[in-house]
Amino acid sequence: MAQNNNLTVPTTGSDDKYVTVFNDPVNFNAKHPLHHSWTLWFDNPGKRSNENTWEQSLKELITFDTVEDFWGVYNNIMKACDLSINSNYHLFKHGIKPMWEDPANKHGGKWSIQLPRNKTITEIDNIWLYTMLACIGEAFEHENEVCGVVVSVRKGFFRIALWTRSSDNRDVIMGIGRTLKSQTSIDGQFDFQSHHDSKGGAKWTV
């Protein structure tokens, strides 16, 4: 889908002058703002485990705040299934770094699921897409709890995770997990862990 980053929503004129990406994907002149700005990050630290090395490998790619700009980004980057082993895409609200130490994340946790590589490429990419759309479209009742989402490419599986701001309110966290499972239509189990208990077993499941 073609994208022109110089186009903005008209401030004057009648409604019939508005052309959206939905009825003209090339020549649209109107954009639909998102409630939050979102930043896409990428990293591939390889086999290195040194924390400083990982942070150095983390690259901030782009920030967007409209529906049209999201599709412009999504349609012009490498799909998750095409990334090399150990790569990660992170889509987080602007101002939140995709690391446990960030103030927005340090008391939180994540819902995650591992998807075997025997799933088709289309399935993996669609699940990742639906996860991102649920976040930027604010499908969650407690959307302020949502910090961001990550897709990780590993040798034997893909992992998709949604990071939350807190990890102690069971009703809120379970609601997010149920919505995530519904939005992605995954026939599998999501596990929730707080970041501080990431080496232990799942705290909750849906």
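Readers should treat all values here as calculations from the given coordinates under stated rules, not as data from a laboratory. These numbers were taken from a predicted model, which means no experiment stands behind them. All Cβ positions, even for glycine, are placed from backbone atoms using ideal geometry, and neighbour counts span all protein chains on display.
Test of understanding: what is the full-extension gain from Asn118 to Ile77, defined as 0.36 nm times their sequence separation minus their Cα-Cα distance?
Values: separation 41, 0.36 × 41 = 14.76 nm, distance 2.31 nm.
Contour length minus the Cα-Cα distance gives 12.4 nm.
Would you calculate the separation in nanometres between label points at His35 and Trp204, each defined as 7 Å from the Cα along the Cα-to-beta-carbon direction?
About 1.9 nm, to one decimal.
Arranged by the count of other C-beta atoms within 10 angstrom, fewest first, what order do Glu145, Glu123, Glu68 take? Don't skip to the end; give the middle numbers.
Values: Glu145 19, Glu123 14, Glu68 23.
Ranked by crowding around the Cβ, least crowded first: Glu123, Glu145, Glu68.
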